[in-house]
Amino acid sequence: MKRLLTTLLLILCLCQFTLSAKKNVTTGPEKATLFTYQNCERTPLFSGHRGLQPFGPENSFPSFLAAAQKGLWAIETDFRLTKDHKVVCIHDATLERTTTGTGKVRDYTLKQIKELLIKPVNSSKGIKVLYDYSKFSPEQLRIPTMEEYFQICRRYGCVAFIELKEDDGIIDQMIENIKKYQMEGRCIISSSKMELLKAYRKKGNEFIHLIFAKPEDIDVMASMKNAGVAFNIKKLGVPVEGMEYHGRKLESVQQVVDLCHSLELRVCFRAVDNLAKAQKSIEIMTDYMPTNCMWEMRDSHLEYQGERIDLRKNIFSSSVFMKKSGYTKSQQGMDIYNDYIFILQNEGRCLVYDYRTRSSKPIGDFLLRSASKDNHSNCANFGIEKVEGASFPLLYVTVGKYRVPIEWTCHVESITLKDGAFSSELVQKIHLDASRWEEKGYKAIFGCPAWMIDRERKNIWIFSAKKRTLLKTTGDPSTNMYIATKFRLPKLSEGSEITLTADDILDQVTFPFDAYVTQAGCMRDGKIYYCFGFTRSKHPETPSKLRVYDTDTGKICSSIELEEVIAEEMEDISIYNEKMYINTNSPKLYEFSFR
């Protein structure tokens, strides 16, 4: 497991993600940070070919989202131009095979294209379809636009792997959108046509990738820098027939890979769709793996130098963002706003750090007005509303009182920065009355619920469990569950004391119980990011875990085991600048990807 602890320096998720880490075991241009290996030195970088097709038709929203939510490194697609010069994601120049339309894509306007539906077709007959086409809505089956594709890549932190089949203005629009969605350094521009890559290279500096490369293409691609090649070799490890480079006969696939790396070219092989081929690709050190259906083998495993690579794990990266000093009690809630990091201690003292400088010394130190010996302050979320004259939006602090009786209260604080000093005012208390929940058909909750703000959807959610979350007291975990309950976000104009009852519940979603010991978390557009555990070093039965819960589907969309990465007890999560930060009960604040 030592390889699992490889420290990664930086990952930009959703917005601009430039990966850098311990130097890759292959050679190649150091600027090509797209190919940083994650979790261990040789975790495979899978690119979902036209999305993750076992979970949706090719080049569709379901297949794109499946690739992103299941942790694939990149989402591959194809760009085509419409009659009104808009760019859409479709492989063929014609519509018959993949959509309900007929004729050429170029003969339809975008509006007409959006009236068509994608049919249940995939790029290869060998793909085992795991989706139920009848359950997709018409909106899910519309042909995605370039902009919609970039939005998904940006949101989930995936590399945009784009195949150019034509130009006529596509390249210019693509460059504009790369800048618009801040995807610089997170794109691969690929084509089987050398002239299209040369046309792009005159205008842009993203990584370029030649499909079906031949020996005579190697020098040309190497001269364009920040480039890679894909060979269509069906049987890895056999002699390469007829392949010569400047009179030198290349007798094995390994020699081909080594040659490319010596010229600072990245290299891959087309359609790594089975476990044996993936294993061989890792052994000969190819740099990334386009795949149609690799996720089908998630219950299998790959190895590199005897180390197991678990395909079921989501790809993530981590680094210590900064070290904190100045605290005197256990670290708890955290949120970040306008380059200020607010970190709460047990009992409600708040330390403020400078996000830009990452200095370990706090630049502010103040007591919340709700501070008390019984206020654990274990979860903190900035909201939307702001008091007139205040410097920050309202801060919602979960009391998290761990003494009996448990107090189900959220303190709403207004924070002001004046003359270099921070101060806080308690402007509202939100109480929870769960006495009639079961009567109204809702599940009752146990313990100290975390209050979290969904700023995008303007709601407040309560996250808790059905029973205790400690292994020693839960008993049979199959009888437990995690419960998220949705309420309106009360306004200040409603008063200083608010009580939410069963009549105020807007929705309730349950999730499988698969992690012990709730800590705290945050929300982002309907998804709950939550950390668990005390670390195995403190309690063997409660390792560190991170879960992402989708309140729209009622499913866990990401499960990340952090025991081998974070040796400290995790306390709270914040998403800022499209990155995720985890506060720990130690001097370390971690930066993470979170797909």
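The values are calculated or read from the model by the stated rules, or taken from the named source; none is laboratory data. This structure is a prediction, so every number in the text was calculated from the model and none was measured. Note that we place each Cβ from the backbone using ideal geometry, even for glycine, and neighbour counts take in every protein chain shown. All accessible areas refer to the heavy atoms of the entire protein, side chains included, with ligands and DNA or RNA removed. Shrake-Rupley method; radii C 1.70, N 1.55, O 1.52, S 1.80 Å.
Below are the figures for this structure:
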quantity: Residue in region 340-355 that is farthest from Phe46 (Cα to Cα), counting only those that are modelled with pLDDT of 95 or more and open to solvent by 40 Å² or more (accessible area, probe 1.4 Å); calculated: Arg349
quantity: Some residue of region 93-108 being of a type in the set (Lys, Arg) and in contact (Cβ under 8 Å) with a residue 60 or more places away in the chain; calculated: no
quantity: Residues that are part of a loop (DSSP other than H, G, I, E, B), touching a strand residue (DSSP E or B) at 6+ places or on another chain (Cβ under 8 Å) and not hydrophobic (A, V, I, L, M, F, W, C), drawn from region 103-132; calculated: Gly103, Lys119
quantity: Residue list for region 267-283, restricted to those being open to solvent by less than 10 Å² (accessible area, probe 1.4 Å) and either modelled with pLDDT of 85 or more or basic (Lys, Arg) (or both); calculated: Val267, Cys268, Phe269
quantity: Output for region 173-192, where each listed residue is small (Gly, Ala, Ser) and more than 17 Å from the chain's Cα centre (by Cα); calculated: Ser190, Ser191, Ser192
quantity: Residues that are outside any loop (DSSP other than H, G, I, E, B) and of a type in the set (Asp, Glu), drawn from region 183-226; calculated: Glu195, Glu216, Asp217, Asp219
quantity: Residues of region 448-480 satisfying the condition of being without any contact (Cβ under 8 Å) to a residue 24 or more places away in the chain and on the phi > 0 side of the Ramachandran plot; calculated: Gly475
quantity: Among the residues listed as Tyr337, Tyr396, Tyr327, Tyr304, the single one being buried (at least 18 other Cβ atoms within 10 Å of the Cβ), of a type in the set (Ser, Thr, Tyr) and modelled with pLDDT of 95 or more; calculated: Tyr396
quantity: Residue count, region 537-549 (criterion: surrounded by fewer than 20 Cβ atoms within 10 Å (Cβ to Cβ) and in contact with a Phe, Trp or Tyr (Cβ under 7 Å, 6 or more places away or on another chain)); calculated: 1
quantity: Residue, most open to solvent (accessible area, probe 1.4 Å), within region 166-175, restricted to residues that are modelled with pLDDT of 95 or more and either aromatic (Phe, Trp, Tyr) or touching a strand residue (DSSP E or B) at 6+ places or on another chain (Cβ under 9 Å) (or both); calculated: Gln173
quantity: Listing of strands (runs of 3 or more DSSP E) fully contained in region 517-595 that carry 2 or more residues being aliphatic (A, V, I, L, M); calculated: 518-524, 545-550, 555-561, 570-576, 579-584
quantity: Unmet requirement for Ala74, which otherwise passes all of (1) over 19 Å from Met289 (Cβ atoms); (2) open to solvent by less than 40 Å² (accessible area, probe 1.4 Å); (3) touching a Ser or Thr at 6+ places or on another chain (Cβ under 9 Å); calculated: (1)
quantity: Residue tally, condition touching a residue at least 40 places away in the same chain (Cβ under 8 Å), part of a loop (DSSP other than H, G, I, E, B) and out of contact with any helix residue (DSSP H, G or I) (no Cβ under 8 Å at 6 or more places or on another chain), over region 367-389; calculated: 8
quantity: Among residues of region 371-393, those that are open to solvent by less than 40 Å² (accessible area, probe 1.4 Å) and under 20 Å from Trp461 (Cβ atoms), counted; calculated: 9
quantity: Pair list, Cβ under 8 Å, 6 or more apart: region 518-542 residue more than 25 Å from Tyr396 (Cβ to Cβ), other residue open to solvent by 10 Å² or more (accessible area, probe 1.4 Å) and assigned to a strand (DSSP E or B); calculated: none
quantity: Test: residue in region 473-491 that is in contact with a Cys (Cβ under 8 Å, 6 or more places away or on another chain) and of a type in the set (A, V, I, L, M, F, W, C); calculated: no
quantity: Residues of region 474-501 classified as in contact with a helix residue (DSSP H, G or I) (Cβ under 6 Å, 6 or more places away or on another chain) and surrounded by fewer than 18 Cβ atoms within 10 Å (Cβ to Cβ), total; calculated: 0
quantity: Sole residue being closer than 19 Å to Cys410 by Cβ and among the hydroxyl-bearing types (Ser, Thr, Tyr), chosen from Thr542, Thr584, Thr551, Thr510; calculated: Thr551
quantity: Verdict on Thr109 being surrounded by fewer than 20 Cβ atoms within 10 Å (Cβ to Cβ), farther than 30 Å from Lys128 by Cβ and at pLDDT below 70; calculated: no
quantity: In region 188-225, residue surrounded by the fewest Cβ atoms within 10 Å (Cβ to Cβ) [restricted to those that are within 15 Å of Leu265 (Cα to Cα) and of a type in the set (Phe, Trp, Tyr)]; calculated: Phe212
quantity: Those residues of region 436-456 which are at pLDDT 90 or above, open to solvent by 10 Å² or more (accessible area, probe 1.4 Å) and either under 24 Å from Pro512 (Cα atoms) or touching a Leu at 6+ places or on another chain (Cβ under 7 Å) (or both), in sequence order; calculated: Arg436, Glu438, Glu439, Lys440, Gly441, Tyr442, Lys443, Ala444, Ile445
quantity: Check on Gln254, at pLDDT below 95, of a type outside the set (Gly, Ala, Ser) and surrounded by fewer than 21 Cβ atoms within 10 Å (Cβ to Cβ); calculated: yes
quantity: Residues (among the small types (Gly, Ala, Ser) and under 18 Å from Tyr576 (Cα atoms)) located in region 324-343; calculated: Gly333
quantity: Failed item in (1) open to solvent by 40 Å² or more (accessible area, probe 1.4 Å); (2) at positive phi, with Lys114 passing the rest; calculated: (2)
quantity: Test: residue in region 307-317 that is closer than 27 Å to Ser190 by Cβ, modelled with pLDDT under 85 and not in a loop (DSSP other than H, G, I, E, B); calculated: yes
quantity: Residues being crowded, with 17+ Cβ neighbours inside 10 Å and without any contact (Cβ under 8 Å) to a residue 12 or more places away in the chain - total across region 550-595; calculated: 0
quantity: Among (1) under 22 Å from His49 (Cα atoms); (2) within 32 Å of the chain's Cα centre (by Cα), the one test that Thr94 misses; calculated: (2)
quantity: Qualifying residue in region 120-131 (condition: within 22 Å of Leu72 (Cβ to Cβ), surrounded by fewer than 14 Cβ atoms within 10 Å (Cβ to Cβ) and touching an Asp or Glu at 6+ places or on another chain (Cβ under 6 Å)); calculated: yes
